[in-house]
Structure formats: structure tokens, C-alpha cells
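To start, the structure under review is shown below, and the notes come after it.
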Amino acid sequence: MLHESSRRIKKGGSLIIIDLEKSQSPFGPHAHQRIDHINIKEASEIAGLEIIDKFKPGSYHYGIILRKNN
């Protein structure tokens with residue numbers, strides 16, 4: 001998904017990802033089915049995206065802002 005997103009974003013463009021934390025919460029998929037923010041970091045680097053910022057939009061979520069540099 002990140003590779004395709006990177007392909008479609010113009011140089012200097014941004015992508016925001018908001019997802020559930022890997023820990024268990026009262027809703028959503030089980031923790032073992034969630035994507036950890038470390039996996040997003042690794043995949044974004046491979047896709048040519050740089051992490052600009054991280055934020056916590058809610059008690060059970062994480063957010064990452066990515067930018068395409070090449």
C-alpha cells in the first residue's frame with residue numbers, strides 16, 4: 001500500500017496514516033492483527049517516504065505524517 005501511495009504522490013507531497021495501536025482496545029481487530037508503527041516506519045523507508053511527524057490522535061490510535069522526497 002505504501003509503495004503505491006508513494007508512486008502516486010508528487011515529490012514533496014504528504015501522506016497521513018492513522019491506525020490503531022498494537023495494544024488491545026475495546027474495539028477493532030485483535031492486537032495481533034494490527035500493524036505496529038515500527039512496521040510502518042520500515043515500509044515507508046522502503047517506499048521512499050520520510051517520517052515528518054508522529055502524533056497521538058486518540059487513546060487507542062497513532063498517527064504518522066510522511067513526505068515523499070524523491
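Suppose we keep only residues that are of a type in the set (A, V, I, L, M, F, W, C) and part of a loop (DSSP other than H, G, I, E, B) within the range 9-41. Which one would you say is nearest to Asn69 (Cα to Cα)?
Ile9
Working carefully through the options Lys54, Lys68, find the one that is of a type in the set (Lys, Arg), surrounded by 11 or more Cβ atoms within 10 Å (Cβ to Cβ) and in contact (Cβ under 8 Å) with a residue 40 or more places away in the chain.
When all the criteria are applied, what remains is Lys68.
To keep it simple, each residue is scored yes or no on (1) part of a loop (DSSP other than H, G, I, E, B); (2) in contact with a helix residue (DSSP H, G or I) (Cβ under 6 Å, 6 or more places away or on another chain).
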| residue | (1), (2) |
| --- | --- |
| Arg7 | no, no |
| Ala43 | no, yes |
| Pro57 | yes, no |
| Gly63 | no, no |
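Each reported figure results from applying straightforward, stated rules to the coordinates on display, with no laboratory input. Nothing here was measured: the structure is a model prediction, and the numbers come from that model. Every residue, glycine as well, gets a Cβ built from its backbone with ideal geometry; the counts of neighbours run over all protein chains shown.
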